[in-house]
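The next block holds one structure in the form of structure tokens; read it before the comments.
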Amino acid sequence: MSLVVFLRGANVGGHRVFHPAALAREMEEFGVVNVGAVGTFVVRKAVGEKAFRAELVARLPFETEAMIVPARDLLALAESEPFPKTPPGDDVRKMLTVLARKPKAVPRFPMNRPAGDRWQVRVIGISGLFGLSFWRPDRKRMIYLDAEKDFGVSGTTRTWNTVEKIRTILQR
């Protein structure tokens, strides 16, 4: 089974710095394809999640959390066109948060951070291990989805463009 790997907090703000493309080359026996600069990988060869996680942890130069999901689950989400109409604004981005596990309790959606019309993050729902949101960046005060606070589980967030890149790799 193909897998998709999302490292949490890698190559962000000068912390947990590494070269994802070099790691992908190092793990070519698993058919690893690097996607971007923050630790997102497609594992094209059939390998179990536990076995791959052990290999990954052994090769990373730091400790971090890795969210590893079956590629078929991410493809199914992408093909379902899960986002409603994008809110107005030129800078609004679709975002995906991959959760470490399903939350025990789910808040009411949509959920705005901060509350009100001047929101930066609007969480619109959860589908399995995936949180879906819109993000309006503000250079003065950056707010991102905080899965730990909002859902009681850790997670890592990517733009929907990254999901589309993953989809293209998997469909090749």
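Rule-based calculations on the coordinates, nothing more; no lab input. For clarity, every value in this text was computed on a predicted model and none was experimentally measured. Counting neighbours? That spans all protein chains shown, and the Cβs are built from the backbone with ideal geometry, glycine included.
Charge tally around LEU129: other residues with Cβ under 14 Å, Lys/Arg +1 each, Asp/Glu -1 each, net +3. Computed on segment 83-160, the Cα convex hull volume stands at 91 Å³ per residue. Model label points for THR168 and GLU79, set 7 angstrom from Cα along the Cα-to-Cβ axis, are 1.9 nm apart.
Order of 147-156, 126-135, 14-23 by packing, highest average Cβ count within 10 Å first?
Details: 147-156: 17.8, 126-135: 20.5, 14-23: 13.5.
Highest mean packing first, the order is 126-135, 147-156, 14-23.
Reducing segment 6-62 and segment 127-172 to their Cα centroids gives an inter-centroid distance of 18 Å. A simple spin-label model places the labels of ALA54 and MET1 1.8 nm from each other, with each point 7 Å out along Cα-to-Cβ.
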